[in-house]
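What follows is one structure encoded as structure tokens, with my remarks underneath.
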Amino acid sequence: MRNKFLNDLQNLHPELEKREYLLLQRMTELGHPMRMTAGLRTLKEQLYLFNQGRTVGGKIVTNEKVSLHNLGLACDNCFLGSDPFPNPETSPLWETYMAEARKFGLTCGGDWENFKDYPHIQLTPELHAMEVVNLYLGSSLDKIWFLIDSKLGLSSIPKWIIRIGIVKELLNE
């Protein structure tokens, strides 16, 4: 069962938390309210999603065994109402969402060439997602969050020291 705290904005990198909050607020102002469906994901959850469509039933939903969701640097959103995931080929809502997300400096999964993931947004300033994941695999979450802060020109004294301990605990559930 999914831990209810994993979709808490406070389990994201603080800068993504702020931008996600502002993005959701902006979408509501535009008349297209949304909510976060996935934020921080445990390593176990990510592995299950990776196996989906491969060794367990369902369709393939990810190509990654470790994701930016595991690092508190990505989240997925859906629209509120009767059609939370409208068809991007027939609805302009995803384009509106992505345009607004870009204004907040977020990378959009709907822009990807090989695997369109319209609900997905991530905070990876001047970095490729796999570069961040590979750095995490050879290092630590603290170093990743310091790197993000550095790329964003944020203070060298992080405001997330207590938060990252909680995120690390949740990550390994």
For the stretch 77-85, in order, what is each residue's ³J(HN,Hα) by Karplus, 6.51 cos²θ - 1.76 cosθ + 1.60 with θ = phi - 60°, in whole Hz (x at glycine and Pro)?
10, 9, 7, 7, x, 6, 10, x, 10
Amide H contacts under 5 Å for Gly72, restricted to residues at least 5 apart in sequence or on another chain and with H modeled in the peptide plane, are Arg41
Taking just the C-alpha trace of the stretch 4-168, give me its Rg and Dmax in Å.
15.6, 46
Mean Kyte-Doolittle of at least -0.5 plus a Cα span of 15 Å or more along the axis: flag which DSSP H helices in the chain meet both, please.
141-152, 161-171
Which of the listed residues, Pro33, Tyr136, Thr62, is farthest toward the dipole's positive end in the chain, when Lys, Arg count +1 and Asp, Glu count -1 at the beta-carbon?
Tyr136
What pairs in Lys44/Lys103; Lys103/Lys143; Lys59/Lys151; Lys103/Lys151; Lys18/Lys59 have C-alpha atoms more than 28 Å from each other?
Lys44/Lys103; Lys59/Lys151; Lys18/Lys59
Per the rule of 0.36 nm per residue minus the C-alpha distance, extending Lys143 to Met130 adds in nm 3.2 nm
Once you've got the GNM for the chain with C-alpha springs shorter than 10 Å, pick whichever of Glu20, Glu89, Glu126 has the biggest mean-square fluctuation.
Glu89
Ordering of 101-111, 77-87 by packing [mean C-beta count within 10 Å, highest first]
101-111, 77-87
Taking a cut-off of 17 Å, what percent of all Cα-Cα pairs in the stretch 123-173 are separated by more than that?
38
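The numbers here are math on the coordinates, done by the rules we state, and not lab data. Predicted model only: the values in this text are computed from it and were never measured. Positions of Cβ are backbone-derived with ideal geometry, glycine not excepted, and every protein chain shown enters the neighbour counts.
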